[in-house]
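The values are calculated or read from the model by the stated rules, or taken from the named source; none is laboratory data. Source: prediction; values computed, not measured. Here Cβ is always computed from backbone atoms with ideal geometry, including for glycine, and neighbour counts include all displayed protein chains.
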Amino acid sequence: MNDVRRWFFWLPIILALHGVEQIIFGLDELYELQGQVGYLLGLFPDRDRGIVVLVFAVVILIQVFVYGLLKGGRFALLAPGYFAVAALGESHHIIKTILRAAYFPGSVTAIAYVVVGALLLRAVVRAFRAGAPRAVSAAA
């Protein structure tokens, strides 16, 4: 579990740098996200209902992660596992840079983010195979 903590520690730091890189060099990803969210919202009778459903989905996901941490055992690996896979998803910056043969905003920090995501996922799998980590204690 120490390896999970070690690699997870770096994700928010790299993510902040990733955001700064995109703010400085281009918001291409923003337009992609707007299209994706627009598509999801288009599935509802009106956009307001879609926004409410998406907010509830995000809050429920966060609550499941927190419950997993509080419960302990293998459930404590839900959140780190999710964020490890999400970090691997940032490889799209690297792929776009290669396909375009030109810099795509976010690709420099995406390299670190993907590497740390892969190392985190490896640590999560190892911890899962090793058994159940302890629950988070309120007194600790």
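Quick notes on this one:
- Criterion violated by residue 91 - all others in (1) of a type in the set (S, T, N, Q); (2) exposed (fewer than 12 other Cβ atoms within 10 Å of the Cβ); (3) modelled with pLDDT of 95 or more satisfied: (2)
- Among the candidates 74, 122, 126, 49, residue that is basic (Lys, Arg), farther than 23 Å from residue 7 by Cβ and part of a helix (DSSP H, G or I): 49
- Scanning the stretch 25-42 for residues that are among the small types (Gly, Ala, Ser) and within 17 Å of the chain's Cα centre (by Cα) yields a count of 0.
- Residue-level analysis places residue 15 outside the set of residues that are in a helix (DSSP H, G or I), surrounded by fewer than 14 Cβ atoms within 10 Å (Cβ to Cβ) and at pLDDT 95 or above.
- Taking first residues from the stretch 120-131 that are on the phi > 0 side of the Ramachandran plot and partners that are surrounded by 12 or more Cβ atoms within 10 Å (Cβ to Cβ) and modelled with pLDDT under 95, no Cβ contact under 6 Å between residues at least 6 apart in sequence or on separate chains turns up.
Here's the yes/no breakdown for (1) among the aliphatic types (A, V, I, L, M); (2) touching a Phe, Trp or Tyr at 6+ places or on another chain (Cβ under 6 Å):
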{"position": "2", "(1), (2)": "no, no"}
{"position": "19", "(1), (2)": "no, no"}
{"position": "24", "(1), (2)": "yes, no"}
{"position": "37", "(1), (2)": "yes, no"}
{"position": "53", "(1), (2)": "yes, no"}
{"position": "63", "(1), (2)": "no, no"}
{"position": "80", "(1), (2)": "no, yes"}
{"position": "90", "(1), (2)": "no, yes"}
{"position": "101", "(1), (2)": "yes, no"}
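- Subset of the stretch 57-112 (residues that are closer than 24 Å to residue 40 by Cβ and among the hydroxyl-bearing types (Ser, Thr, Tyr)): 82, 91
- Of everything listed in (1) surrounded by fewer than 21 Cβ atoms within 10 Å (Cβ to Cβ); (2) modelled with pLDDT under 95; (3) under 30 Å from residue 22 (Cα atoms), the single unmet condition for residue 111 is (2).
- Here is the figure for the stretch 40-89: residues that are among the charged types (D, E, K, R) and free of Cβ contacts under 8 Å to residues at least 12 places away in the same chain total 4.
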